[in-house]
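Pasting a structure below so you can have a look.
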Amino acid sequence: MQPVKIGLVGAGVIGKRHVEALGQIAQGELVAIADPLPAAAEYAASLDVPIYKSADEMAAKSGAEAIIIATPTERHLEDAMACMQAGVHLLIEKPTTATVAEANQIIAYSTQHNLHVLVGHQRRYYPLSLI
């Protein structure tokens, strides 16, 4: 079975954690990064993956089948819609969006176009969250 081709939007601290996790599994392969910052371009070069300035450009050109959105919350809706309009499944870091109305837009679009959208809520499994 071929690994899922995964793109990353946002190469900051959380984005880099996703890249580390991808490096530990055979089921996913990082194929591109989207981030306009010069440090992100250096990071992408160190990983030997292409860098794009925006989520929509990466979603359209990289061949990613799924994209992780690890940008600031205020960007989640714009980045999610751009990726979904390219037909790509998503994992969005928490919180999903800045408002409930924005989250509803993502839900409606993903439902209408049969796209999977997951929320990265890793603390669900922390022992202290079970109290």
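The values are calculated or read from the model by the stated rules, or taken from the named source; none is laboratory data. From a predicted model like this one, the values you see are computed outputs, not experimental measurements. Ideal geometry is used to build each Cβ from the backbone, glycine not excepted, and the neighbour counts take in all protein chains shown. These area figures cover heavy atoms from the full protein model, side chains too; ligands, DNA and RNA do not enter into them. Shrake-Rupley method; radii C 1.70, N 1.55, O 1.52, S 1.80 Å.
Using the Cα centre as the reference, give the magnitude of the dipole from point charges on the C-beta atoms of the chain (Lys, Arg: +1; Asp, Glu: -1; all else neutral), rounded to the nearest 20 debye.
340 debye
Roughly how many Å² is the accessible area per residue of the range 1-125, as a whole number, for a 1.4 Å probe?
Per residue, the range 1-125 has an accessible area of 58 Å².
How many angstrom separate the Cα center of the range 4-79 from the Cα center of the range 89-117?
Taking the Cα centre of each part, the range 4-79 and the range 89-117 sit 18 Å apart.
Okay, moving on. Under the definition of Cα pairs under 8 Å and six or more residues apart, what whole-number percent is the relative contact order of the chain?
21 percent
What is the range 38-90 by shape, rounded, prolate or oblate, if you read a ≥ b ≥ c off the alpha carbon gyration tensor as root eigenvalues and call it rounded for a/c under 1.5, prolate for a/b larger than b/c, and oblate otherwise?
Cα axes put the range 38-90 in the oblate bin.
Give me the percent relative contact order of the range 30-86, please, defined on Cα pairs under 8 angstrom at least 6 residues apart.
32 percent
Accessible area of the chain with a 1.4 Å probe: how many percent of it is carbon plus sulfur?
57 percent
Let me ask you something else. With unit charges on the beta carbons (Lys and Arg positive, Asp and Glu negative) and the dipole taken about the Cα centre of the chain, which residue among ALA41, VAL31, ALA21 sits farthest to the positive side?
ALA21
Can you pull out the trypsin sites (Lys or Arg not before Pro) in the range 30-131 that DSSP calls coil and that have at most 16 other Cβ atoms within 10 Å?
LYS53
If you take the square roots of the eigenvalues of the alpha-carbon gyration tensor of the range 2-95 and sort them as a ≥ b ≥ c, do you get rounded (a/c under 1.5), prolate (a/b over b/c) or oblate?
It is rounded, given that a/c, with a ≥ b ≥ c, falls under 1.5.
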